[in-house]
Amino acid sequence: MRTAQSVSPSLTGSDVLISLLGYGAVYLIMFPAGVALMARIVARGPGEASAEPVAEDERRP
Amino acid sequence: MSLPPFDFVLLWTAILGLGVFFYVLLDGFDLGVGMLMPAASPSEQSTMVASIGPFWDANETWLVLGIGILLAAFPIAHGVVLGALYLPVVAMLIGLMLRGVAFELRVKAQGWHRDLWNWLFWAGSFIASFCQGVMLGRYITGFERGFGYWAFALMVGASLCGGYVLLGATWLILKTEGALQRRARGWARWGLLWVALGVALVSLATPLVSETVRGKWFDFPRTLWLMVFPAATLAAGFMVWRWTGAAQRSGKGQDAKPFCAAVAIFAIAFLGLAYSIFPFVVIDRLTLWDAAAHPTALKALFLGAVIVLPFIVGYTILSYRIFGGKAKANLYD
């Protein structure tokens, strides 16, 4: 079976375009946000980070 | 004496049905809590997030399980249903992604960043819930095209949001105390009104759209005992209303009642829907037996289910027991 033969009959080109743009938009939000967060934590350095009261995991009931 | 051959299609139908039902119930309450976020103050928001924190991602296991069963046991239905629902499914997944990220990042953010993640958490919860309702509306009308059918699906989408708000608010009654609990009672009543609209809409529309469904419900004298469904729904709705009154005492045993009644409404609606559609998986087009995989495949899959399902049920029960009791705001921040 070739790829072209396995395409869903109900799927249209605009469906694919919309979903691709949608996923693209979400990853464009998520990935920079994650990188920025990690960069900020790294920039703050380990000294201050350990000054935080209690790590989240230890506070779980 | 030999036993009649065991019908694995029926067994897989039951497993699929239970999987979908537990998904709706469990992710329903945490999506509902997400949709209620803008109605609460910042400190209440922390408590609300803490009340679903230990559960929400495990709740989504049931969605993966349901879709997985659909693919493995009913491959033809998987193709037809998910093909027809392509865009609502994509939108739901985008909503769930936004929500999942916002859940993790909102606690790390401060100031307007946190407001932004809170807003994304709300938006993701709302998009996912609304799309699930639209999917339900499209599914029960057999994916018919036309303005009326789409308008119907959009209204079911709005009603399911109301239903999840009901589950979320009654969950908060169970998991919180004080001022937030009192506010949650008001939210629950508000959700209940949407549920009433949704249940009435679906109950009236399905027999009108499908002759098969009409024949099943309006067939005297069977209709008489089928009236148990609307009667039980009304009774459960009445109980939710009664147990969310301003004068309602709080305390052990009292706080769980509204949630149980809300679960009962969902259970009755689900059974009614299952009765309407059975033995079809795509109404009037495809029966469960037409859509099922080869009997040998179903048998082999069952071996997998025997191993996996007890684990899922087990850890679900375990986590709800460990994280029982009232939620505190400082779980995450």
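Across the protein assembly as shown, Cα-Cα distances exceeding 31 Å account for 43% of all pairs. With all protein chains kept in place, the per residue accessible area of the protein assembly as shown amounts to 52 square angstrom at a probe of 1.4 angstrom.
Taken across both chains, chains A and B shield about 1800 Å² of accessible surface from a 1.4 Å probe. Of B:D30, B:D255, B:D284, the residue with the greatest mean-square motion in the GNM of chain B, using alpha carbon springs below 10 Å, is B:D284.
Distant-in-sequence amide contacts of B:V281, defined by a placed amide H-H separation under 5 Å and a gap of 5 or more residues or a different chain, comprise B:L286, B:T287, B:L288. Of all segments of chain B bounded by chymotrypsin sites (Phe, Trp or Tyr not before Pro) found in a DSSP loop with no more than 14 other C-beta atoms within 10 Å, the longest spans B:7-217. Expressed as a whole percent, the accessible area of the protein assembly as shown that falls on carbon and sulfur atoms is 72 (1.4 Å probe). Compared with the dominant principal axis of the Cα atoms in chain B, helix B:61-73 is inclined by about 10°. Taking the chain by itself as reference, the range B:80-110 contains these residues with an accessible-area loss of 30 Å² or more in the full protein complex (1.4 Å probe, heavy atoms): B:G83, B:Y86, B:L87, B:V90, B:I94, B:M97, B:L98, B:V101, B:L105, B:K108. May I ask for the angle, rounded to the nearest 10°, between helix B:112-140 and the longest principal axis of chain B, with both axes built from Cα atoms and the value confined to 0 to 90°? That helix lies at roughly 20 degrees to the long axis. Among B:G163, B:G19, B:G28, determine the one that fluctuates most according to a GNM of chain B built with springs between C-alpha atoms less than 10 Å apart. Evaluated over chain B, the most mobile residue of the options is B:G19. Sequence-ordered 3J(HN,Hα) estimates for the range B:75-81 from the Karplus curve with 6.51, -1.76 and 1.60 and θ = phi - 60° stand at x, 5, 5, 4, x, 5, 5 Hz, glycine and proline given as x. The simple spin-label model puts a point 7 Å past each Cα toward its Cβ; for A:Y27 and B:A297 those points are separated by 3.0 nm.
Full extension of the chain between B:E144 and B:V308 gives 55.4 nm of extra length, using 0.36 nm per residue less the Cα-Cα distance.
As I understand it, the value is the acute angle between the Cα axis of helix B:42-52 and the longest principal axis of the Cα atoms of chain B; what does it come to in degrees, rounded to 10? Roughly 40 degrees between the two axes. The region of chain B that goes longest without hitting one of the trypsin sites (Lys or Arg not before Pro) in a DSSP loop, each with at most 16 other Cβ atoms within 10 Å, is B:1-107. Using the Cβ-Cβ distance between B:Y315 and B:A256 with R0 set to 22 Å, the FRET efficiency from 1/(1 + (r/R0)^6) comes to roughly 0.55. Scalar couplings 3J(HN,Hα) for the range B:229-243, obtained by applying the Karplus form with A = 6.51, B = -1.76, C = 1.60 to θ = phi - 60°, are 4, x, 4, 5, 4, 4, 4, 5, x, 4, 5, 4, 4, 5, 7 Hz; x denotes Gly and Pro. Here the gap between B:D7 and B:W119, fully extended at 0.36 nm per residue and compared with their Cα-Cα distance, gives a gain of 35.5 nm.
What residue among B:A269, B:A39, B:A84 shows peak mean-square fluctuation when chain B is described by a Gaussian network model with Cα springs under 10 Å? Taking springs between Cα atoms under 10 Å, the residue moving most is B:A39.
The values are calculated or read from the model by the stated rules, or taken from the named source; none is laboratory data. Bear in mind that the values here come from a model prediction, so they are computed numbers and not experimental data. With ideal geometry, Cβ positions are generated from the backbone for all residues, glycine too; neighbour counts draw on all protein chains shown. To get the accessible areas, we keep the full protein, side chains included, count just its heavy atoms, and leave off ligands, DNA and RNA. Shrake-Rupley method; radii C 1.70, N 1.55, O 1.52, S 1.80 Å.
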